[in-house]
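The values are calculated or read from the model by the stated rules, or taken from the named source; none is laboratory data. From a predicted model like this one, the values you see are computed outputs, not experimental measurements. Cβ placement follows ideal geometry from the backbone for every residue including glycine, while neighbour counts extend to all protein chains displayed. When the accessible area is computed, the model is the full protein with side chains, heavy atoms only, and any ligands, DNA or RNA have been set aside. Shrake-Rupley method; radii C 1.70, N 1.55, O 1.52, S 1.80 Å.
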Amino acid sequence: MSDMFPLIVEGALTRRRGKVLVGPVDLRLEAGGVTIVIGPNGAGKTSLLRMLHGIARLNAGRIEWACGQERAREKQAFVFQTPVMLRRSVRDNLAYPLRLGGVTRREARAQADAMAEKVGLGDALGRPATVLSGGERQKLALGRALIRSPQVLFLDEPCASLDGRAMREVEEILKTAVQDGVRLIMSTHNMGQARRLASEVLFLLGGKIHERGSTVEFFDAPKTAQARAFLNGDIVE
Amino acid sequence: MSDLWDGLSQAWILLWTLDADLVEITARSLQVTLTALAIASAIALPLGAFLAVRRFRMRRLTIAVLNALMGLPPVVVGLVVYVLLSRAGPFGVLGLLFTPTAMIIAQVIIIVPLIASIAHQALRELWSDYHDLLISLNTSHVQRMSALLWDGRRALLTASLAGFGRAIGEVGAIMIVGGNIDHHTRVLTTAIALETGKGDFALALALGFILIGLAIAVNLAIHWLTRTEQEGRW
Ligand SMILES: Nc1ncnc2c1ncn2[C@@H]1O[C@H](COP(=O)(O)OP(=O)(O)OP(=O)(O)O)[C@@H](O)[C@H]1O
Ligand SMILES: [Mg+2]
């Protein structure tokens with residue numbers, strides 16, 4: 001089991017050019033399970049994930065992993081809302097994180113090929129990543145994030161451009177990862193997906209955690225009027 | 001008018017028969033410029049990557065200086081290198097003045113800012129694309145720079161070719177530091193200047209054709225590279 005948790009967040013806040021993107025956030029995350037972050041556009045979901053992952057500057061507060069900052073970074077991976085494609089083949093994209101860690105070229109290739117198969121890119125291995133479709137890019141980004149066997153996986157709307165079938169496939173991959181002990185922290189606009197995957201929900205509004213609850217609690221009996229409105233598809237003030 | 005026709009036809013004969021002088025001068029030109037290009041690229045490309053990846057206090061100033069140096073008149077570079085290498089200068093003991101090495105030094109100084117500047121432009125764009133991923137993967141600065149240099153290789157080759165074009169056609173600086181000595185430091189451009197002055201249009205024109213050919217080849221190469229770059233073929 002992971003020694004990274006609990007993750008303790010106190011008063012954490014990021015600002016960009018004077019504007020608060022997200023925060024102050026107080027949060028305690030335990031090991032295991034899937035935390036789903038939802039909220040309207042611009043609520044700060046992306047900003048929150050980036051802040052927790054440590055790639056957005058922390059302007060106030062603290063974010064502390066049980067195992068310490070340095071070790072925590074090596075055990076996390078992030079799938080961006082707009083996947084970053086290295087100007088290389090699909091295979092070399094998948095192998096890149098391994099190569100960084102000093103894995104031999106042969107071994108990295110072998111693992112990349114296996115991962116491509118897993119995420120459904122088996123016949124695209126030799127293609128330049130830059131010619132992939134939006135959905136294929138998301139699959140590639142997911143495979144690249146999983147290849148170093150992270151203990152924590154951040155996913156920023158990983159299924160945004162996937163068709164129904166690909167989405168189910170990705171959800172299966174994510175469920176398997178969870179069974180293997182990977183902790184997921186993921187944002188989505190798809191409430192069905194949130195219900196299927198989440199063990200708890202963070203509802204974000206205006207850069208703050210407006211409501212937090214277990215999946216059943218949140219979807220069946222949201223506590224705040226804003227969460228109710230959001231789930232009904234109404235405009236949230 | 002007949003001078004011109006005579007010159008042209010004799011120039012073709014020189015080219016056709018691979019005239020010994022012509023070949024020698026062309027070979028020296030290529031040797032000097034390709035050496036300068038290799039050295040300049042080894043300096044300028046990592047510099048461009050460094051400027052793209054690192055945020056340091058003097059960064060903006062460094063970039064501004066680099067861009068300013070791009071506009072440096074080559075003759076002035078020649079003058080400065082001459083002063084530094086001349087017997088009374090700080091590097092006089094090396095005895096490099098009027099050698100191909102001196103010409104290489106001058107060309108390196110002329111094209112490093114050009115190559116670094118173009119490389120920086122291209123890599124900065126790539127970096128803004130890669131930034132999030134490479135930070136997230138916890139890469140070291142060296143790893144970031146190598147990722148940019150490798151994945152930006154096509155753009156960087158274009159930058160180097162631009163440097164080659166500038167260096168091979170340069171005349172002022174290498175005339176000053178090389179001295180245009182026959183069988184020693186005479187290259188395409190300085191030979192053209194000399195032969196034209198002497199009124200020997202045939203050799204000058206033949207040399208000119210070679211220079212033009214090289215320039216066209218470089219431009220075609222850049223064009224082809226840009227096209228394959230867009231298609232992501234290598
Ligand atoms: N680099 C930035 N500079 C200035 N403002 C920013 C920056 N990044 C994000 N913002 C702003 O911060 C707010 C939160 O953005 P964020 O991307 O976290 O929202 P989100 O919840 O992920 O939205 P979406 O559902 O559209 O992805 C938005 O109002 C956005 O305009
Ligand atoms: Mg977002």
>> Suppose we keep only residues that are within 14 Å of chain B (Cβ to nearest Cβ) and more than 11 Å from ligand 2 (Cβ to nearest atom) within region A:22-53. Which one would you say is farthest from residue A:6 (Cα to Cα)?
In response: A:51
>> The conditions are (1) modelled with pLDDT under 90; (2) surrounded by fewer than 18 Cβ atoms within 10 Å (Cβ to Cβ), and residue B:202 fails exactly one of them. Which is it?
In response: (2)
>> Restricting to region A:90-113, name every residue that is facing another protein chain (nearest Cβ under 10 Å), open to solvent by 40 Å² or more (accessible area, probe 1.4 Å) and assigned to a helix (DSSP H, G or I).
In response: A:92, A:99
> In region A:178-190, how many residues are farther than 19 Å from residue A:165 by Cβ and surrounded by 16 or more Cβ atoms within 10 Å (Cβ to Cβ)?
Replying inline: 7
>> For region A:114-127, which positions are surrounded by 17 or more Cβ atoms within 10 Å (Cβ to Cβ) and part of a helix (DSSP H, G or I)?
In response: A:115, A:116, A:118, A:124
> What's the number of the condition residue A:54 fails, among (1) within 16 Å of ligand 1 (Cβ to nearest atom); (2) out of contact with any helix residue (DSSP H, G or I) (no Cβ under 7 Å at 6 or more places or on another chain)?
Replying inline: (2)
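Quick one: which residue in B:220, B:214 is free of Cβ contacts under 8 Å to residues at least 60 places away in the same chain, under 22 Å from the mean Cα position of the chain (by Cα) and exposed (fewer than 14 other Cβ atoms within 10 Å of the Cβ)?
Matching residue, one of B:220, B:214: B:220.
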>> Kindly evaluate residue A:46 against the criterion of being within 11 Å of ligand 1 (Cβ to nearest atom), modelled with pLDDT under 95 and within 15 Å of the chain's Cα centre (by Cα).
In response: no
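Just for helices (runs of 4 or more DSSP H) wholly inside region B:165-234: which have at least 1 residues that are of a type in the set (Phe, Trp, Tyr) and on the phi < 0 side of the Ramachandran plot?
It comes to B:201-231.
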> Can you name the residue in region A:54-89 that is at the interface with chain B (Cβ under 7 Å from one of its Cβ atoms) and within 16 Å of ligand 2 (Cβ to nearest atom) and, of all such residues, is surrounded by the fewest Cβ atoms within 10 Å (Cβ to Cβ)?
Replying inline: A:55
>> Can you tell me which of (1) closer than 16 Å to residue A:188 by Cβ; (2) touching a residue at least 60 places away in the same chain (Cβ under 8 Å); (3) more than 16 Å from ligand 2 (Cβ to nearest atom); (4) touching a helix residue (DSSP H, G or I) at 6+ places or on another chain (Cβ under 6 Å) is the one residue A:166 doesn't meet?
In response: (2)
> Restricting to region A:116-160, what's the tally of residues that are within 11 Å of chain B (Cβ to nearest Cβ), over 12 Å from residue A:83 (Cβ atoms) and either free of Cβ contacts under 8 Å to residues at least 40 places away in the same chain or within 16 Å of ligand 1 (Cβ to nearest atom) (or both)?
Replying inline: 3
> Would you say residue A:82 is touching a strand residue (DSSP E or B) at 6+ places or on another chain (Cβ under 7 Å) and hydroxyl-bearing (Ser, Thr, Tyr)?
Replying inline: no
>> Tally up the residues in region A:1-34 that are open to solvent by 60 Å² or more (accessible area, probe 1.4 Å), part of a strand (DSSP E or B) and more than 11 Å from ligand 1 (Cβ to nearest atom), please.
In response: 4
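Given the criteria closer than 28 Å to residue A:171 by Cα and either away from chain B (no Cβ under 14 Å) or free of Cβ contacts under 8 Å to residues at least 60 places away in the same chain (or both), does residue A:8 qualify?
yes
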>> Against the definition (farther than 26 Å from residue B:188 by Cα, more than 14 Å from chain A (Cβ to nearest Cβ) and open to solvent by 10 Å² or more (accessible area, probe 1.4 Å)), how does residue B:172 come out, yes or no?
In response: no
> So which residues in region A:224-237 are surrounded by fewer than 18 Cβ atoms within 10 Å (Cβ to Cβ) and either out of contact with any Asp or Glu (no Cβ under 6 Å at 6 or more places or on another chain) or on the phi > 0 side of the Ramachandran plot (or both), if there are any at all?
Replying inline: A:225, A:228, A:229, A:231, A:232, A:233, A:234, A:235, A:237
>> Out of everything in region B:1-22 that is open to solvent by 70 Å² or more (accessible area, probe 1.4 Å) and of a type in the set (A, V, I, L, M), what residue ends up being farthest from residue B:169 (Cα to Cα)?
In response: B:1
> Quick check: is even one residue across region A:13-20 more than 19 Å from the chain's Cα centre (by Cα), more than 16 Å from ligand 2 (Cβ to nearest atom) and on the phi > 0 side of the Ramachandran plot?
Replying inline: yes
> Do you know which residues across region B:109-161 are outside any helix (DSSP H, G or I) and either more than 8 Å from chain A (Cβ to nearest Cβ) or open to solvent by less than 20 Å² (accessible area, probe 1.4 Å) (or both)?
Replying inline: B:139, B:140, B:152
